[in-house]
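Just below is one structure, and these are the notes that go with it.
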Amino acid sequence: MTSTPNPQTYTLGSSLARKAVVDGAFIATRAKLIEVAAFLDRVERFGVDDDFRCAALREAAALLIDGKPERARRILEQLSDPTTHPAAKSSGQAALGAWLPPAKEK
Amino acid sequence: MRYIEPHGHMVSRTTDDYQAMVAAGCVAVCEPAFWAGFDRGSVSGFRDYYRQLTEYEPARAAKFLLPHFSWLCLNPKESEDLALARDVLAIIPEFLDRPNVLGIGEIGLNRNTRNEMTVLEQHVELAVKHDQLILVHTPHLEDKLKGTNLILDLLSSHRGVKPERVIIDHVEEHTIRRVLDRGFWAGITLYPDSKSSPPRAVDMLETCGRERIWLNSACDWGVSDPLAVPKTAFEMRRRGHSAEVVDAVLYSNPLRFLSQCPKFRLGDSPVG
């Protein structure tokens, strides 16, 4: 069962709307990209760039320019816990935004 | 413009938010039970919370002419204490006949633990036994994909669960298709820093269809925006979506799902 249309067949109506996709979001997106760059610079400057979350962010950022579609989905998947079974107990902490493999836990 | 806010934790919002939502076109708000920011320590603490959701908060919303509905459960963040969870679930049936209660929610997983799975199964049994709608919370950040898969497998394997009566909330680009493809409804939550932004939500509507999707702010005591849904309407209009399409997503879709509960009424007559 699915209601999912083929993404390739979806088209927006007017050329005005298509232009608005860029005009309405470019500056905000540019700012977010610079924030990412500044964050990576900052963690290096503070000597904490080996944090597993920073490493995960660098690896995920590579997907931005690999020329393949569905970048958001693929980045979310790359930052996800790939295991499939329920954990025996809670770590007691909140989710951290990137997956830390058990072998690296201390 | 008219819209339904299908997921807002209004007990933690101010009256200013009620005014702003109504001014923006909100015609109903639905409030799932959730975590208070700390673990409640007793069954009586939950009983008081359920009274707040079914007595006090609907009256507060009514002062702003806004119909208020609620969902009841023990939040997955409080599922590690199995004994307390069992005792709390035992009192929920006392409240299911209240006039504003729509179903069981928001149940689900937090850190994807065995105890959370146990309590999720108990909630699903409770919902099936009492023929209730189900609203499911999916985990945060790196836990969402795994948790969504565990939840979908659990729900799909239960013969008493009807997918069209279950909404899986907080979907993102990596989980939305698997939810829709199994016949469930999907909720997109609009948060400033996590979950989805309005532009990403519209992306998902454009690429995944809009038949069984609702949008919500899930506004609570954390970083959240009670006007996120109408702001997403603006993003849709800016991209060229018609007012009719906006209305279908922001009003008709939640109306269609929620009207499966006969208690979901707007004004004096049944909706739908």
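The table for this structure:
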| item | result |
| --- | --- |
| Computed magnitude of the charge dipole of the protein assembly as shown (debye, nearest 20; Cβ of K, R +1, Cβ of D, E -1) | 700 |
| When the convex hull of its Cα atoms is projected in every direction, mean area for the range A:17-80 (nm²) | 5.2 |
| Antiparallel DSSP beta bridges within the protein assembly as shown, as percent of all bridges there, nearest 5 | 5 |
| Dipole moment magnitude, nearest 20 debye, the range B:1-130 about Cα centre, only Lys, Arg, Asp, Glu C-beta charged | 200 |
| Simple label model, 7 Å out from Cα along Cβ direction - B:S242 to A:V21, nm | 2.1 |
| Cross-link reach list, lysines versus B:K129, counting only Cα pairs under 24 Å and skipping chain neighbours closer than eight places | B:K77, B:K162, B:K263 |
| log₁₀ of I(q)/I(0) at q = 0.09, 0.10, 0.12, 0.14 Å⁻¹ - the range B:3-270, Debye sum with one point per alpha carbon | -0.36, -0.45, -0.66, -0.93 |
| Cα-based reach from A:K19 at 29 Å (exclusive), listing lysines while leaving out same-chain residues under 8 positions away | A:K32, A:K68, B:K195, B:K231 |
| The range B:14-116 pair-distance distribution - Cα-Cα, 5 Å bins, rounded % | 2, 12, 22, 21, 17, 12, 8, 4, 1 |
| Compactness relative to 2.2 N^0.38 Å, alpha carbon Rg of the range B:69-200 | 1.01 |
| Share, in percent, of DSSP beta bridges within chain B that are antiparallel, nearest 5 | 5 |
| Value at 222 nm in deg cm²/dmol, rounded to 500, when DSSP H runs of n ≥ 4 in the protein assembly as shown each add -39,500 (n - 2.57) | -11500 deg cm²/dmol |
| Rg in Å to one decimal, and Dmax rounded to a whole Å, for the range B:138-272 via C-alpha atoms | 15.0, 44 |
| Cα centroid separation - the range B:131-186 against the range B:212-238, whole Å | 20 |
| Two-site label geometry, A:I34 and A:A61: point separation in nm, points 7 Å out along Cα→Cβ | 1.5 |
| Nearest-20 debye value, the range B:101-259 charge dipole, Cβ charges on Lys, Arg, Asp, Glu | 260 |
| Residues A:V48 and B:L82, FRET efficiency given R0 of 51 Å [Cβ-Cβ distance, rounded to 0.05] | 0.85 |
| Sequence of B:S42, B:S259 once ranked by neighbouring C-beta atoms within 10 Å, starting from the fewest | B:S42, B:S259 |
| Convex hull per residue volume in Å³, alpha carbons only, for the range A:43-87 | 86 |
| Kirkwood hydrodynamic radius of the protein assembly as shown, from inverse mean 1/r over distinct Cα pairs, in Å | 21.6 |
| Farthest toward positive dipole pole in the protein assembly as shown [+1 Lys/Arg, -1 Asp/Glu at C-beta], among B:A233, B:I134, B:S79 | B:A233 |
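Read-outs throughout are calculated quantities, based only on the coordinates presented, and are distinct from any laboratory measurement. Note that the structure is a prediction, hence the values are computed from the model and not measured. Virtual Cβ from ideal backbone geometry, glycine too; neighbours counted across all protein chains shown.
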